[in-house]
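Heads up, the thing below is written out as structure tokens.
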């Protein structure tokens with residue numbers, strides 16, 4: 001495995017491998033790897049010849065009061081974990097390599113970025129689509145792998161790829177969970193012991209929603225209400241949103257139909273956790 005910090009060096013390395021007929025896979029990350037990240041690397045490894053993992057804590061997707069400075073980082077641990085997973089290249093650029101002082105251009109996927117997480121984080125997805133577009137131009141991957149935990153992000157990336165004609169296949173890998181159901185996230189490290197004990201209520205509530213739909217309940221309002229009641233049984237949870245939306249355009253539904261999922265954002269203390277499940 002090699003570590004590359006410069007764009008031109010990465011391009012030159014990948015040009016050589018592409019000319020040799022190699023298929024390139026990209027896994028964009030902000031580091032502090034856990035099993036969720038590693039599963040994305042596994043998907044890329046199975047579907048490509050050269051696996052590139054980008055590791056960049058992207059300042060453009062953090063608001064002024066968010067956790068950019070304290071976002072967890074441990075490059076040596078990440079390096080070891082990626083190497084053990086068979087990653088070929090880690091792209092580990094400095095901020096100035098990605099955003100020089102003269103940088104003024106952003107990519108925005110309009111309507112999809114204004115709902116769900118976009119309501120409370122208005123610049124977040126502009127930062128996500130911009131960095132991902134830059135990575136697609138730098139790496140020129142055949143495939144790119146994202147996680148289902150960030151369902152809105154994955155849907156937005158797919159839309160950007162379609163609208164801007166990026167020649168890359170987007171793969172969305174399943175959520176990886178802790179043994180008690182909590183979706184794995186780098187931010188879980190922020191939870192104190194009591195918050196961590198209560199946080200699995202999110203997945204328990206989502207599973208209850210799945211069971212309701214399987215029993216025939218199709219009223220979205222009733223399902224959302226039940227999820228809210230379940231989450232509010234623990235004292236430390238503060239709900240930001242519970243929404244049942246269409247997969248294709250993130251529009252809300254009144255009656256559950258094929259292609260809908262429920263997405264939630266819940267605070268425990270200062271830690272914001274998101275999760276989602278498909279409703280079949």
Helix 75-84 vs. the chain, principal-axis angle (Cα, 0 to 90°, nearest 10):
80 degrees
Report the calculated FRET efficiency for residue 165 and residue 74 (r = Cβ-Cβ distance, R0 = 41 Å), to the nearest 0.05.
0.65
So, R0 is 35 Å and r is the distance between the beta-carbons of residue 278 and residue 197; what FRET efficiency does that work out to, to 0.05?
0.85
Using a 10 Å cut-off around each Cβ, can you sort 47, 248 from fewest to most neighbouring Cβ atoms?
248, 47
In nm, the gap between the two label points placed 7 Å beyond Cα toward Cβ at residue 9 and residue 158 is 3.7 nm
Could you work out which residue, out of 89, 201, 98, moves most in a Gaussian network model of the chain, that is, has the largest mean-square fluctuation with Cα springs under 10 Å?
98
Give me the angle, in degrees from 0 to 90, between the Cα long axis of helix 7-19 and the longest principal axis of the Cα atoms of the chain, rounded to the nearest 10.
80 degrees
Could you tell me how many cubic angstrom of Cα convex hull volume the stretch 10-133 has per residue?
138 Å³
When a footprinting reagent is the concern and you count Cβ atoms within 10 Å, what order do 16, 123, 202 take, fewest first?
16, 123, 202
Fewest-first ordering of 197, 134 by Cβ atoms within 10 Å yields 197, 134
Which stretch or stretches of the stretch 135-162 have amide N atoms under 20 Å from the point lying 7 Å from residue 67's Cα along the Cα→Cβ direction?
147-154
Test of understanding: in a Gaussian network model of the chain with alpha carbons linked when under 10 Å, which of 96, 180, 249 would top the mean-square fluctuation ranking?
96
Where in the stretch 224-263 does the label zone of residue 119 land, with the point 7 angstrom along Cα→C-beta and an amide N cut-off under 16 Å?
224-229, 238-246, 250-254, 261-263
Please give the calculated 222 nm ellipticity per residue for the chain, where each DSSP H segment of at least 4 residues contributes -39500 (n - 2.57) and the sum is spread over every residue; nearest 500 deg cm²/dmol?
-11500 deg cm²/dmol
Measure out, as a whole number of angstrom, how far apart the alpha-carbon centroids of the stretch 180-210 and the stretch 222-280 sit.
13 Å
Two-site FRET efficiency, residue 19 against residue 94, from Cβ-Cβ distance with R₀ of 25 Å, rounded to 0.05:
0.35
In degrees between 0 and 90, to the nearest 10, how far off the longest principal axis of the chain does helix 35-47 point, with axes built from Cα atoms?
50 degrees
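Each reported figure results from applying straightforward, stated rules to the coordinates on display, with no laboratory input. Note that the structure is predicted; figures quoted are calculated from it, not measured. Cβ sites come from the backbone with ideal geometry, for glycine too, and all protein chains shown count toward neighbours.
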